[in-house]
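To start, the structure under review is shown below, and the notes come after it.
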Amino acid sequence: MPTPSRGRFALSALVATLLATAASLGQAQVLSLPGGAATPKVEPTGNSSMDAPLFYQLLIGELELRTGEPGTAFEVILDAARRTRDDGLFKRAVEIAIQGRALDQALSATRSWRVALPQSLDALRLQIQILAAGGRAGDLGEPLRALLQNTPAAERAGLIEALPRFLQRSQEAKKVASVLSDVLKPFAEAAGTRVAARVATGRAWMYAREPDIALALARDANQLDNAATGPALLALELMRQLPDAESVLTRHLAGAGASAAPLRLVYSRVLTGSQRFADAARQLEQVVRDAPQEPAPHLTLGVIYAELKQPQEAEAALLRYVQLATAATVTASATATATATGQDAAAPGNPDPATPAVPATPAQAAAPSDDDEDDDTPSSERGLMQAWLSLALLAEQRGDFKAAEGWLAKVGDPSMALDVQGRRASILARQGKISQARDLIRQLPERKPEDARAKLTAEAAMLRDVKRWKEAYEVLSSANQRFADDADLLYEQAMMAEKTDKLVDMERLLRRVIVLKPDSPHAHNALGYSLADRGQRLPEARELIARALELSPGDPFITDSLGWVEFKLGRKEEALRLLRTAHNSRPDAEIGAHLGEVLWSLGQKEEARKVWRDARQRDAGNDVLRETLARLQAEP
């Protein structure tokens, strides 16, 4: 059989394109705005309105485009669109102009489209997109007003809230914010849109890097309607820049019910990212009360409890997650099987979806294969593996190494082999088998270039956890010779340098991190705290810590450092305020040690003892706490 020519293939493709165009004639092709603004439904027509002359005209246009003449193709298709007054052909003309990077032609096509079809929302949306992306924000006012006027009143608030994201591609963020503010003024006074208008304007100013204006608008919108989610979401986005924005969010949540669970979950992630684990736990506790059968919040809450040194609560939350996630997996599997076989998922002989499953007996996981299966592991399975790893860590910390191994044996994902072997190495190290622990990590295969770095990091972390500071420092020093100017490795080495009294090395390493990564809050904080703790160069220490807090607002450890340097500077009341704030967000033993010492110095000894008792209950082995109590000769 002869092979068809390239030309015949191209012609067949053209015919297919034209047939698709014929099928779409008379049907609006609606472009939806980000944010889910509703769009009109269009019923398909019956017979196509494409006649022979129109078919020939479109064929010529597409041929011109494929032979490298986009200008001619644009004119031919636009002429057809004007004659037929068809949404689909106008859209095709705009696409051709955009492909040829002919902004003026694209805008001309949208204007012709609007003249031919004045009620077309598609034409307005495309015109607005082109103006925003093409650096013509100053011309956005008229089409934005027309779009808002032509949108049904019931859908207008949703459209308004979506507009800032729709315009986000513009490189003229401040001009966009100014134009949008002007366009939305009438809607800021109307009862049905006044909250949406303020939220949209606020988000536009946030994109324009004017967070103070954005926060003022979020507060105003929240005062108008505390039940509205929009102002709270805007405040949540502003929190990283302006900690005061949190008050808008907390005011909304104080009056919200179970429907606020998704917002609380996002809020808890932001709090966790700022190391505010106690605050995050409070949000998640409310979520699990509102939605007790949802597995995911239990997993996150369990991990946070573990960080807060609340092992019993952590284990209970993690076991509950395993129970719920396993039951969900069994139910999904039964449903899939029943669908395939035509049976009822709850029929006799099948697992009952209403009966929660209990964690399976620990079994040996399959040996890791050489194939990387990261992308093939369902998220539910990965969640279970993360829970098993966390349960193994809790068992290890209480000295139940057999239980820890049982949980580790369940983790069969090859991509988590280093996590599993790292935990096994830690178990060996806690039993004094340091050499075997190091060998266990070193013998892991290096399937990817980054595996070598990960193995060195895991070995150093294992040594650090059993307080083998010198060996950990040596491992990290070797890692930094192999992976030069790795800011994270340099930071870890600096922390081990401090533990081994290599203070000159520590400062040198941290300053190098700041050069490599000037936006690192941890490097600024670590250097500032080290200087403050030794009572050296206190003004510089305070400046470093203040910079760290700018980079990571609300971080309780950095707030603790600032409180500590204020205490060293003799500003005890300010130190007390800062340390109380830090301790409320993260009741860590070291923060508790500092707070107790400030209270002790102010003569509030009973409260100091209580803080120290709580800290010792959480982490009796904390070095800072033990040193503080010994130096002050205080007994909690």
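The values are calculated or read from the model by the stated rules, or taken from the named source; none is laboratory data. Because the structure is predicted, anything quoted here is derived from the model rather than measured. Cβ coordinates were reconstructed from backbone atoms using ideal geometry, including for glycine residues, and neighbour counts include every protein chain displayed.
Taken over region 95-113, the criterion of being in contact with a helix residue (DSSP H, G or I) (Cβ under 7 Å, 6 or more places away or on another chain) and assigned to a helix (DSSP H, G or I) is satisfied by I96, A97, I98, Q99, L103, Q105, A106, L107, A109, T110, S112, W113. When region 486-516 is filtered for residues that are in a loop (DSSP other than H, G, I, E, B) and in contact with a helix residue (DSSP H, G or I) (Cβ under 6 Å, 6 or more places away or on another chain), only T500 remains.
Restricting the first member to region 228-252 and to residues that are farther than 20 Å from P521 by Cα, and the second to residues that are crowded, with 20+ Cβ neighbours inside 10 Å and among the hydroxyl-bearing types (S, T, Y), the beta-carbon pairs closer than 7 Å and six or more apart or on different chains are L236/Y267; L249/Y267.
Scanning region 56-71 for residues that are surrounded by fewer than 16 Cβ atoms within 10 Å (Cβ to Cβ) and either charged (D, E, K, R) or part of a helix (DSSP H, G or I) (or both) returns Y56, I60, R66, E69, G71.
Number of residues in region 489-511 that are surrounded by fewer than 21 Cβ atoms within 10 Å (Cβ to Cβ) and without any contact (Cβ under 8 Å) to a residue 24 or more places away in the chain: the value is 6.
Residue-wise test of (1) under 20 Å from the mean Cα position of the chain (by Cα); (2) under 21 Å from L159 (Cα atoms); (3) modelled with pLDDT under 95; (4) not acidic (D, E).
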{"position": "V199", "(1), (2), (3), (4)": "no, yes, no, yes"}
{"position": "G202", "(1), (2), (3), (4)": "no, yes, no, yes"}
{"position": "D212", "(1), (2), (3), (4)": "no, no, no, no"}
{"position": "A218", "(1), (2), (3), (4)": "no, yes, no, yes"}
{"position": "A221", "(1), (2), (3), (4)": "no, yes, no, yes"}
{"position": "P231", "(1), (2), (3), (4)": "yes, yes, no, yes"}
{"position": "L242", "(1), (2), (3), (4)": "yes, no, yes, yes"}
{"position": "V248", "(1), (2), (3), (4)": "no, no, no, yes"}
{"position": "A256", "(1), (2), (3), (4)": "no, no, yes, yes"}
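A Cβ distance below 6 Å, combined with a sequence gap of six or more or placement on separate chains, defines the contacts here; from region 309-323, residues that are touching a residue at least 60 places away in the same chain (Cβ under 8 Å) reach residues that are charged (D, E, K, R) in the pairs K309/R618; K309/D619. Looking at region 588-610, can you tell me whether even one residue there is crowded, with 23+ Cβ neighbours inside 10 Å, over 34 Å from the mean Cα position of the chain (by Cα), among the β-branched types (V, I, T) and at pLDDT 95 or above? Yes, that holds for at least one residue. Of all residues in region 90-123, those being buried (at least 24 other Cβ atoms within 10 Å of the Cβ) and under 18 Å from D139 (Cβ atoms) number 7. Based on this model, can you work out whether L569 counts as of a type outside the set (S, T, Y) and crowded, with 18+ Cβ neighbours inside 10 Å? When the stated conditions are applied, L569 does not pass them. Figure legend. Inter-residue proximity from region 285-306: first residues free of Cβ contacts under 8 Å to residues at least 60 places away in the same chain, second residues of a type in the set (S, T, Y), beta-carbon distance below 7 Å, spacing 6+ or different chains. Indicated pairs: H298/Y321; T300/S268; I304/T272.
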